Structure formats: structure tokens, C-alpha cells
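Here's the structure we're looking at; comments come further down.
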Amino acid sequence: MADAPASLSGQDVGSFAYLTIKDRIPLILTKAIDTLHRHKSEFFEKHGEEGIEAEKKAISLLSKLRNELQTDKPIIPLVANYVDTDIWNQYLEYQQSLLRESDRTPSWFYSPWLYVECYLYRRIHEAIIQSPPVNDFDVFKESKDQNFFESQEPGITLCTHLQEFKSTIEDLDANQLKTEFFHLLQISLWGNKCDLSLSGGESSSQKTNLINSLEDLEPFILVNDMEHLWSLLSKYKETREKVPIVRVDIVLDNSGFELLTDLVLADFLLSTNLATEIHFYGKSIPWFVSDTTIRDFNWLIEQVKHYDHKWVSKCGVDWENYIKMGRWVYHDHMFWTLPHEYAAMSQVAPDLYAELQKACLILFKGDLNYRKLTGDRKWAFTVPFHQALSGFHPAPLCSLRTLKAEIQVGLQPGQGEQLAASDPNWLITGKYGVIQFDGPL
């Protein structure tokens with residue numbers, strides 16, 4: 001990777017990385033502190049004085065973290081003994097080695113943005129695990145749940161749409177299936193707009209019916225490789241005798257409405273026999289405010305199953321059955337909450353890389369996955385996606401991402417410049433999206 005460009009960083013004053021570290025991250029920390037404050041009486045009821053002391057300690061640690069960030073202090077090693085502590089501290093040593101010649105030490109504004117943003121969420125987790133007996137408290141849980149409840153109307157519409165589609169599936173030809181596949185891919189793409197870390201933890205729920213908006217939204221898909229995905233999965237379907245297991249892996253992003261769109265897409269893939277099993281990957285600790293953990297995954301399915309609407313609850317019952325039958329499998333792995341780009345996965349987490357190699361197709365949801373896929377670097381817009389992956393090719397893969405960071409590759413010559421001229425913030429608002437494929441065509 002000697003020819004890879006420099007990392008995006010907060011040292012570029014005015015950049016989205018700079019504004020994130022300067023403005024958005026302190027706001028997220030303030031909300032986390034407020035959340036702990038609001039649960040003070042609950043901690044007391046459960047744990048007595050010990051709960052109050054734990055709340056004070058967690059708040060003190062988060063306040064210290066906020067001060068370090070706002071005064072651009074050096075990045076410090078993690079201290080709490082946890083499964084990934086040594087790997088994080090080794091990565092800090094690696095960052096220090098990169099700066100040795102320049103007499104700088106890694107700090108919030110002078111280190112790669114991807115590293116310090118991941119480090120922030122790992123430090124939030126450290127503050128909580130250092131504060132027993134509230135050491136399993138998820139400071140982001142309330143906002144994740146709220147996102148789901150505020151998106152109920154489009155959620156009902158989507159679940160109803162899926163169940164009505166499934167009732168007619170036997171009568172549909174290949175073209176009709178393809179059209180529906182494209183619709184649900186796009187819904188899963190635009191569901192990625194519901195990102196609480198982009199909004200500083202403020203509400204980012206889905207208010208409109210996406211199904212009726214797809215035609216209007218299609219021009220905002222800058223790279224659209226849906227045909228490649230259909231071609232790949234329908235080829236597997238035609239050769240099912242030779243390839244009896246067709247596994248699609250989905251590396252999840254946000255819980256709430258986006259997760260619902262992902263589960264609807266996964267249900268469609270099984271129901272149409274385009275896949276025989278779906279493997280989901282979530283985060284093992286609370287991450288980037290709204291990322292999906294096992295608790296969020298199970299909680300959403302429970303909410304859907306007990307919803308007072310026949311088609312919504314039917315979805316929940318079906319999804320629970322897929323899990324019981326082993327046709328839906330949920331994994332988590334600490335690599336997803338490390339700071340490494342995915343090009344390092346085969347060295348850092350060879351077990352995870354080997355697991356992904358079993359997939360026929362991997363869907364990577366969202367912006368953080370895209371940043372890690374491409375190394376979060378200052379690539380030219382026209383650099384091929386395959387090149388920016390820097391050797392990360394466990395299986396055919398596709399990014400479904402709405403743009404919320406100043407990185408995008410695989411565009412046509414002049415496309416990026418044209419967008420910048422008409423919409424200066426095109427890279428960071430979530431208005432544009434990509435369905436970007438890498439694999440044999």
C-alpha cells in the first residue's frame with residue numbers, strides 16, 4: 001500500500017473530519033453524560049449507593065475524555081482489562097511509529113480520523129466498563145429504540161409490502177422478481193440515512209414511505225451496480241444442483257429503521273430462493289451511537305413480532321423461525337470495533353476473514369464500513385473501487401452506502417467535480433448513495 005494516499009484527518013481545518021472532532025463528537029459525549037444523569041434514580045433503585053458512585057465515576061471519565069478531545073491532548077493507552085485492550089494499545093504504538101520522524105505524538109486532530117473516531121467509542125465503552133455495577137449500560141440504547149418507534153408508519157408499510165409480495169411469489173416471473181429485488185435493495189440503501197452519529201445523536205428517524213419515493217431517489221445513486229448483484233445471485237439460483245448453499249452475508253450498520261430494511265431484504269432473498277442462508281454481523285459493544293448490537297437485533301425482532309398489526313407481527317414470527325432453523329445466523333467479532341481498515345483483516349482477524357470467504361456475496365451497509373473498506377483515504381474520485389480495497393477480497397462484495405464522509409471512489413471522470421459545483425456538501429449529507437460492487441462480472 002506504498003502508493004495509498006494520506007488518511008482523512010482533523011488537521012485539515014474546515015474538513016468534515018475536523019468539524020466532526022470539533023463539534024459533533026463533543027455533542028455526542030454531552031448526550032452520553034446527560035443520559036447517565038437521567039438514569040441516576042434507576043441506578044440507585046437497582047444498586048443503591050454503589051449505583052450512584054458508579055454513575056459519578058462514568059460521568060467523570062466521560063468528562064475527562066471530552067476535555068482531552070477539545071484540547072487536542074495526546075491519545076492515551078486504554079487501561080481497563082478487556083478482550084481487545086492489547087490490540088488497541090498496539091495500534092496506538094503503530095500510530096506513534098508513523099509520527100516518530102515528525103516529532104509529533106498521535107492526538108485527536110493530528111491522527112487519522114478513522115482511528116480517533118473509533119477510539120472515541122472505545123473510550124466511551126471503557127468509561128462504562130470501569131464503572132461497575134452499571135458496566136453493562138448502553139448509553140445509546142434510548143436513542144436507538146426511539147429511532148425505531150418514530151419510524152413506525154414506514155415500517156408498517158414496508159412489512160405489509162413484503163407480506164403481500166410473498167403471497168404472490170409463485171405467480172411472478174424473473175423480471176418481476178428482479179424489479180422487486182431492485183426496490184428492496186434501494187430501500188435498504190436509503191434506510192442508511194437513519195444515522196444517529198451523523199445527527200449528533202438527535203432523532204434521525206424515517207418519516208416518509210420509501211417505496212413511493214424510489215423513482216425520485218434513483219438519480220441520486222451515483223454508482224448503481226444492482227444488475228451485477230442480480231446476475232450473480234440468479235446465476236447461483238440456476239445452478240442450485242451444483243451449489244446447494246447460497247450464503248449472503250450482511251455486515252450491518254444502524255439499528256432501528258435501517259435494520260428493519262435489511263431484515264426485509266434478507267427475508268426476500270430467502271423467500272425467492274436467491275439465497276439459502278443469511279449471515280448478519282453486528283457490533284460487540286455500543287458503537288457510533290446507532291450501530292446494531294445483538295441486543296438491538298433481538299429487540300427489534302421481538303418488537304416486530306408483538307406488534308399489533310397482522311403483517312408486521314407475521315414478519316417477526318417468520319424472522320424468529322429463520323433464526324431457529326439456522327437460516328439466519330447472527331455473528332459478532334471484536335474486529336468490527338477495532339480501528340483497522342479491512343485490508344488488515346486477513347492478518348488481524350484471520351478467523352473472521354475465513355468466515356467471510358464462505359459467502360457467495362457480502363453486503364456492507366453504511367458509511368463506516370465504506371470508510372474501512374477504502375482505508376478512509378484521500379483517494380481521487382475516479383480510482384477504481386477494487387484498487388481502493390487494497391487487497392481486501394474475501395468474496396464478491398457490495399457497499400450500500402449513503403455518503404456521509406469526504407470519500408468516494410469509482411466515479412466517472414468529471415462526475416465528482418460536477419457534483420461539487422452543483423452541491424458543495426454532496427459528500428456528507430446522506431443525500432447521495434452508492435450500490436457499489438466488487439467481484440467477477
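The values are calculated or read from the model by the stated rules, or taken from the named source; none is laboratory data. Just so you know, these numbers come straight off a predicted model, no measurement behind them. Using ideal geometry, Cβ is built from the backbone for each residue, glycine included, and neighbour counts are taken over all protein chains shown. What goes into the accessible areas is simple: the full protein's heavy atoms, side chains included, and nothing from ligands, DNA or RNA. Shrake-Rupley method; radii C 1.70, N 1.55, O 1.52, S 1.80 Å.
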* Name the residues in the range 1-58 that are among the charged types (D, E, K, R) and either in a loop (DSSP other than H, G, I, E, B) or on the phi > 0 side of the Ramachandran plot (or both), would you? -> 3, 12
* Asked: What's the number of the condition residue 77 fails, among (1) closer than 30 Å to residue 305 by Cβ; (2) open to solvent by 60 Å² or more (accessible area, probe 1.4 Å); (3) not basic (Lys, Arg)?
  -> (1)
* Asked: Does residue 307 satisfy being in a loop (DSSP other than H, G, I, E, B), among the hydroxyl-bearing types (Ser, Thr, Tyr) and at pLDDT 95 or above?
  -> yes
* Asked: From the list 353, 432, which residue is touching a residue at least 12 places away in the same chain (Cβ under 8 Å), hydroxyl-bearing (Ser, Thr, Tyr) and within 25 Å of residue 217 (Cβ to Cβ)?
  -> 432
* Asked: Taking into account only those residues within the range 1-21 that are of a type in the set (A, V, I, L, M) and without any contact (Cβ under 8 Å) to a residue 24 or more places away in the chain, which is surrounded by the fewest Cβ atoms within 10 Å (Cβ to Cβ)?
  -> 2
* Scan 102, 63 and give me the residue that is over 26 Å from the mean Cα position of the chain (by Cα), within 26 Å of residue 30 (Cα to Cα), of a type in the set (Gly, Ala, Ser) and surrounded by fewer than 17 Cβ atoms within 10 Å (Cβ to Cβ). => 63
* Asked: Does residue 367 satisfy the criteria of being touching a helix residue (DSSP H, G or I) at 6+ places or on another chain (Cβ under 9 Å) and not aliphatic (A, V, I, L, M)?
  -> no
* **the range 178-203, subset open to solvent by 20 Å² or more (accessible area, probe 1.4 Å) and within 30 Å of residue 25 (Cα to Cα), residue modelled with the highest pLDDT** => 193
* Asked: Across the range 310-328, which residue is farthest from residue 77 (Cα to Cα) among those that are among the charged types (D, E, K, R) and part of a helix (DSSP H, G or I)?
  -> 310
* Structure fact -> The one condition residue 151 fails out of (1) open to solvent by less than 10 Å² (accessible area, probe 1.4 Å); (2) at pLDDT 95 or above is (2)
* Residue list for the range 162-177, restricted to those being buried (at least 20 other Cβ atoms within 10 Å of the Cβ) and of a type outside the set (A, V, I, L, M, F, W, C) -> none
* Structure fact -> If we take the range 329-441, then strands (runs of 3 or more DSSP E) inside it with 1 or more residues that are open to solvent by 10 Å² or more (accessible area, probe 1.4 Å) are 433-438
